[in-house]
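All remarks here apply to the structure that follows.
Read-outs throughout are calculated quantities, based only on the coordinates presented, and are distinct from any laboratory measurement. None of the values given here were measured: they were computed from a predicted structure. No Cβ is skipped: glycine too gets one built from the backbone with ideal geometry, and neighbour counts run over all protein chains shown.
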Amino acid sequence: MLYELASYLHARARYHEAELLYQRALHIWELCLGIEHPQAQMFRANYYIFLQKKKSDTKQGE
C-alpha cells in the first residue's frame, strides 16, 4: 500500500513525499522478508530508479 501511494505521488512530481514513503516501505519489506529476498531486492532496485529519475527531473526543472 505504501509503495502504491509513493508511486502515485512520484507520478505527480511530489518527490519529497514519495521518497519518504518509498523509504518506509523498503524498510518494512526488508524487515519482513530480509534484505536478500528477491522481492525486497526488486523493491530496492525500483527505489534507486526513483532516486535517479528524481535527480534528473529536478536538474531539468532548474
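At-a-glance table
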| quantity | calculated |
| --- | --- |
| Those residues of region 6-21 which are out of contact with any helix residue (DSSP H, G or I) (no Cβ under 7 Å at 6 or more places or on another chain), surrounded by 13 or more Cβ atoms within 10 Å (Cβ to Cβ) and among the hydrophobic types (A, V, I, L, M, F, W, C), in sequence order | Leu20 |
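Listed here are the residues, each with its yes/no results for (1) touching a Lys or Arg at 6+ places or on another chain (Cβ under 9 Å); (2) more than 20 Å from Asp57 (Cβ to Cβ).
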residue: Leu2; (1), (2): yes, yes
residue: Ala6; (1), (2): yes, no
residue: Arg12; (1), (2): no, no
residue: Leu20; (1), (2): no, no
residue: Gln23; (1), (2): no, no
residue: His27; (1), (2): no, yes
residue: Cys32; (1), (2): no, yes
residue: His37; (1), (2): no, yes
